[in-house]
Each structure stands twice: as structure tokens, then as C-alpha cells.
1. In the range 170-196, which residues are over 19 Å from Ala131 (Cβ atoms) and crowded, with 17+ Cβ neighbours inside 10 Å?
2. Tally time: how many residues in the range 1-22 are in a helix (DSSP H, G or I) and under 16 Å from Ile41 (Cβ atoms)?
3. Please count how many residues of the range 142-169 are assigned to a strand (DSSP E or B) and either out of contact with any helix residue (DSSP H, G or I) (no Cβ under 9 Å at 6 or more places or on another chain) or surrounded by fewer than 21 Cβ atoms within 10 Å (Cβ to Cβ) (or both).
4. Which residue pairs have Cβ atoms closer than 9 Å, lie 6 or more positions apart in sequence or on different chains, and pair a first residue in the range 130-157 that is on the phi > 0 side of the Ramachandran plot with a second residue that is in a loop (DSSP other than H, G, I, E, B)?
5. Select from the range 124-141 the residues that are part of a helix (DSSP H, G or I) and not polar (S, T, N, Q) and list them in ascending order.
6. Mind listing just one residue for me: the one in the range 1-55 that is free of Cβ contacts under 8 Å to residues at least 40 places away in the same chain, surrounded by 15 or more Cβ atoms within 10 Å (Cβ to Cβ) and small (Gly, Ala, Ser) and, of those, farthest from Phe130 (Cα to Cα)?
7. Taking only the range 94-118 into account, find how many residues are at pLDDT 95 or above and either aliphatic (A, V, I, L, M) or more than 21 Å from Ala196 (Cβ to Cβ) (or both).
Amino acid sequence: MSQYPKARFLKSANAPAQFVADDGAEVAFAGRSNAGKSSAINVIVNRRRFARTSKTPGRTQLVNFFELRDGHRLVDLPGYGFAKVAEKTRRHWADLMADYFETRSSLRGMFLVVDIRRRLTDVDRQMLGFADAVGLPVHVLLTKTDKLKRGQAAKALLEVGRELGGAATVQHFSALDRRGETQARERLEAFLNAAA
């Protein structure tokens, strides 16, 4: 049973003028195209095919707004770092992200979805920079934890935590065996219910 029985897709935006009204509270999800962002969203919301998953990385190229309940939204940001995206598209994406982070007063937090096998990449660090510039709290999901042995996963968590140095919180997560699901949902709720 989903904790968000009324959750629904609102709209996709390709420009700031298309964003939904900037009221209530929203939490953004960002990550590399193949980090498992859509799968993570589906597990946290506990709804199959809520956010579209694809075998081809880079399908999320718009800012997708979802309503979780009245006044609370989840925002699926464009996947980044996929090689087959044209340079013009990359520039548009960067401008769109800058506008999004600088203008959304309803934005309460961001989940940064990172493949545990890759650790933080330069573009992940750029996203952390966007968040830091506007004083936005960040929670890092180290996805695909099931792909590593327990000792390797623990080491990766330690290393990423050390690199973040308190700039964000971090946890293990697996959409496959639902590891970290409760912790991630609790963090989502904490962000949504945080004061502006």
C-alpha cells in the first residue's frame, strides 16, 4: 500500500514559464541518467511505473512535476551525463536547472541519486554546487547497493560520506531489494514538512 494513494503526474516543463505554481512544498530528485533515479522514485512512492523507467538512459529530459498529496510535490529533474545528448541540449539543461534552483521558493530539499559503483562524478558535484548556492539540503541515495558485497558497500558509503564532509546526508539504497526504502521515505517527509 502506497503512503501516497493520491499521488499523480501533474505536468512536464521544458522552460521556467511551464513550471507549476510555486506554492506548498516540493522535493527534487536529480541524478545521472543511468543511476536508477526513476526506479528509486517508484520504490519510495511505492507505486509501480509512477516515474517512467527505461532501458535507454537519458529518457527524462524535462522537469516532471508530480503531486504526492495536496500541497506536496516531487519533481523529477532531467537525467544528466548521458553521452548521446547534444551539446545544445546540455546547455539548455544547465540553464533550466539554474532557473529551477534559483527561482523555486517551494523547494525544500533534493535527493541526489548516485550509482554506488561510480561514486560522485563531476556532474554530481555540480548539482551539489547548485544546491549549496541556494542553501538547499541534500540527501544522497547510493543506489544499486545490491550490486556490491557488504564490505564494498560499507566502504563506498564511508568514502562518499567523507567526500561530502557534512554538505549532505547519505545512505545505501536498492530498488531491487528495497534496501533503504523506509529511511529514504522518512527523509522525503522531513524535507516536505520542513519550514520554508
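The values are calculated or read from the model by the stated rules, or taken from the named source; none is laboratory data. Keep in mind that what you see is a predicted model, and the values were worked out from it rather than measured. Here the Cβ is made from the backbone with ideal geometry for all residues, glycine too, and neighbour counts use every protein chain on show.
1. Matches in the range 170-196: His172, Ser174, Ala175, Arg179, Gly180.
2. Residues of the range 1-22 that are in a helix (DSSP H, G or I), as a first pass: 16-18.
Now drop any that are not under 16 Å from Ile41 (Cβ atoms), which leaves none.
Residues flagged as in a helix (DSSP H, G or I) and under 16 Å from Ile41 (Cβ atoms) within the range 1-22 amount to 0.
3. Initial filter on the range 142-169 (assigned to a strand (DSSP E or B)): 142-143, 169.
Adding the requirement that they be either out of contact with any helix residue (DSSP H, G or I) (no Cβ under 9 Å at 6 or more places or on another chain) or surrounded by fewer than 21 Cβ atoms within 10 Å (Cβ to Cβ) (or both) leaves 169.
The number of residues fulfilling the criteria is 1.
4. So the pair list comes out as Lys144/Ala35; Lys144/Gly36; Lys144/Ile116; Lys144/Arg117; Lys144/Phe173; Lys144/Ser174; Lys144/Ala175; Lys144/Leu176.
5. Taking the range 124-141 as the starting set, the residues that turn out to be part of a helix (DSSP H, G or I) are 124-133.
Those that are part of a helix (DSSP H, G or I) and not polar (S, T, N, Q): Asp124, Arg125, Met127, Leu128, Gly129, Phe130, Ala131, Asp132, Ala133.
6. Ala51
7. So the count comes out to 8.
Each row is one residue, and each column tells you yes or no for (1) in contact with a Phe, Trp or Tyr (Cβ under 9 Å, 6 or more places away or on another chain); (2) among the aromatic types (Phe, Trp, Tyr); (3) surrounded by fewer than 17 Cβ atoms within 10 Å (Cβ to Cβ).
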site: Asp76; (1), (2), (3): yes, no, no
site: Asp95; (1), (2), (3): no, no, yes
site: Leu107; (1), (2), (3): yes, no, no
site: Leu112; (1), (2), (3): yes, no, no
site: Leu128; (1), (2), (3): no, no, no
site: Leu136; (1), (2), (3): yes, no, no
site: Val140; (1), (2), (3): yes, no, no
